[in-house]
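Take a look at the structure below.
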Amino acid sequence: MNAVVLAVGAMLTLALLRTHVVISLLLGALIGGLAGGLSLSATLAAFNNGITGGAAVALSYALLGAFAVAIAKSGLPHAMADIAVKRLEHSSGHGRLKWTLILLLGGVSVASQNLVPIHIAFIPMLIPPLLYVMARLKLDRRLVACVITFGLVTPYMVFPVGFGDIYLKQILLGNAAKAGMDIRGVNVMHAMAIPALGMLAGLLCAVLASYRKPRQYSLGKIENAERTRARVSPKSLATALAAIVAAFSVQLYTGSMIMGALAGFLLFLATGVVKWRDADGVFNEGMKMMAMVGFTMITSQGFAEVLRATGQIAPLVQTGAALFEGQRPLAALAMLAIGMTVTLGIGSSFSTVPILTAIYVPLCAHLGFSPLATVSIIGTAGALGDAGSPASDSTMGPTSGLNLDGQHDHIRDTVIPTFLHFNLPLMAAGWIAAMVL
């Protein structure tokens with residue numbers, strides 16, 4: 001069996017059996033490296049080389065956690081939650097507030113990719129304060145996870161702005177051109193429109209059918225997770241708003257979540273909303289909150305590097321394509337499935353596309369796919385698995401906010417729901433696009 005398939009399969013199986021995702025990634029990397037012909041020392045060397053690439057991501061999460069705790073200390077999230085609770089208490093029906101909340105989370109998630117490209121930075125600041133409101137509404141957090149993941153993935157797939165500019169123009173079209181394809185006249189939005197509709201279909205299924213029923217959560221556990229009740233004052237609220245604006249502005253200017261979160265945190269210290277003597281405690285609390293996410297992202301980088309070191313990603317693609325030589329429908333399906341397998345393991349669609357493009361472009365040309373269909377196949381193959389991968393920030397991000405009180409399991413409540421509702425319709429829509437474009 002191909003080492004990449006074996007490693008990803010082992011990692012996913014262990015995760016489904018309730019093995020911690022970090023341990024699953026570690027064991028999956030060892031299995032994949034040894035099966036791919038690497039010695040134990042070479043496997044560990046590749047893993048260690050890979051985890052250095054996750055250090056910046058982990059530090060970003062730690063600083064975001066500290067910034068989120070500082071915002072909580074200011075009282076702004078609680079003030080927002082209190083307003084929502086008062087509306088609950090004075091409203092005869094909760095339906096309108098529920099749908100307003102869903103639309104708000106979806107809108108912010110979409111904006112985080114294109115309009116205000118801050119990616120997952122909003123999650124630890126926005127989601128934890130709303131957990132109490134969600135529990136009062138009996139809103140299924142699996143639905144919230146699907147809404148957020150949809151907003152984190154779909155916009156960069158179809159809109160060439162913000163992160164979409166990086167994915168669609170710089171990575172997808174850029175690598176296709178390097179592989180020898182003439183990209184003149186290729187409308188990337190046209191190529192990815194049908195796959196994006198598949199994502200939308202999955203979201204509608206989650207919202208209107210799968211997770212529509214009320215789900216009970218313990219209010220006591222939420223209250224225990226929020227150990228301190230912040231003092232709300234005009235100064236603290238104004239500082240919190242200014243810190244959020246400063247953090248987002250610095251991130252947009254520098255392109256660094258680290259610098260953005262640091263700027264916001266320092267503003268809290270400078271204004272005295274967070275006392276200097278409390279800075280260590282706030283920072284440590286934030287790091288604890290985001291520790292699992294950070295360590296998972298570091299481990300996933302090591303896992304991905306081991307997969308690359310085996311040298312069996314390219315043979316996997318070539319073998320799958322050769323099996324369906326001359327059979328365009330089956331070849332398209334195989335290319336999409338292989339893309340999903342690679343992305344599930346690596347955890348990043350942005351890293352998957354360059355791996356696939358060099359092989360898929362000449363293969364699609366040989367099979368008679370148009371340039372538009374080729375771009376659609378590669379773009380969809382890369383995005384497949386971003387939703388549903390245990391190691392993707394598109395799933396780790398929602399879990400980091402929704403599991404503050406320990407009532408949201410990463411695998412069962414984020415990974416499996418997003419995999420079922422997005423990867424399956426996305427594969428179907430990508431296959432249709434390959435056939436009709």
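Below, the figures for the structure above:
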item	result
Odd one out for Thr52 among (1) open to solvent by 50 Å² or more (accessible area, probe 1.4 Å); (2) farther than 30 Å from Phe248 by Cβ	(2)
Count of residues meeting criterion [within 30 Å of Lys178 (Cα to Cα) and surrounded by fewer than 24 Cβ atoms within 10 Å (Cβ to Cβ)] in the range 365-413	10
Qualifying residue in the range 305-326 (condition: of a type in the set (D, E, K, R), under 17 Å from Asn2 (Cα atoms) and open to solvent by 10 Å² or more (accessible area, probe 1.4 Å))	yes
Residue among Gly220, Gly202 that is within 30 Å of Ile416 (Cα to Cα), small (Gly, Ala, Ser) and touching a residue at least 40 places away in the same chain (Cβ under 8 Å)	Gly202
Failed item, numbered, when Thr299 is tested on (1) buried (at least 22 other Cβ atoms within 10 Å of the Cβ); (2) at pLDDT below 75; (3) closer than 24 Å to Thr399 by Cα; (4) not small (Gly, Ala, Ser)	(2)
For Ala247: the one exception among (1) closer than 30 Å to Ala56 by Cα; (2) within 21 Å of the chain's Cα centre (by Cα); (3) free of Cβ contacts under 8 Å to residues at least 60 places away in the same chain	(3)
Those residues of the range 103-121 which are open to solvent by 10 Å² or more (accessible area, probe 1.4 Å) and part of a helix (DSSP H, G or I), in sequence order	Leu103, Leu104, Gly106, Gly107, Val108, Val110, Ala111, His119
Residue among Val232, Val158, Val153 that alone is out of contact with any Leu (no Cβ under 6 Å at 6 or more places or on another chain) and more than 25 Å from Met435 (Cβ to Cβ)	Val232
Matching residues in the range 307-364 - criterion: being out of contact with any Phe, Trp or Tyr (no Cβ under 7 Å at 6 or more places or on another chain) and aromatic (Phe, Trp, Tyr)	Phe324, Tyr360
Selected residue [at pLDDT below 90 and more than 23 Å from Ala29 (Cα to Cα)] from His366, His421	His366
Qualifying residue in the range 13-34 (condition: modelled with pLDDT under 90, surrounded by fewer than 20 Cβ atoms within 10 Å (Cβ to Cβ) and among the small types (Gly, Ala, Ser))	no
Boolean, Ala314 is among the small types (Gly, Ala, Ser), at pLDDT 80 or above and either assigned to a helix (DSSP H, G or I) or within 19 Å of the chain's Cα centre (by Cα) (or both)	no
Residues satisfying the stated conditions in the range 265-280, i.e. in contact with a Leu (Cβ under 9 Å, 6 or more places away or on another chain) and crowded, with 21+ Cβ neighbours inside 10 Å	Phe265, Val273
Condition check for Val133: among the hydrophobic types (A, V, I, L, M, F, W, C), assigned to a helix (DSSP H, G or I) and open to solvent by less than 50 Å² (accessible area, probe 1.4 Å)	yes
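The values are calculated or read from the model by the stated rules, or taken from the named source; none is laboratory data. None of the values given here were measured: they were computed from a predicted structure. Here Cβ is always computed from backbone atoms with ideal geometry, including for glycine, and neighbour counts include all displayed protein chains. Ligands, DNA and RNA are excluded from the accessible area calculation, which covers all protein heavy atoms including side chains. Shrake-Rupley method; radii C 1.70, N 1.55, O 1.52, S 1.80 Å.
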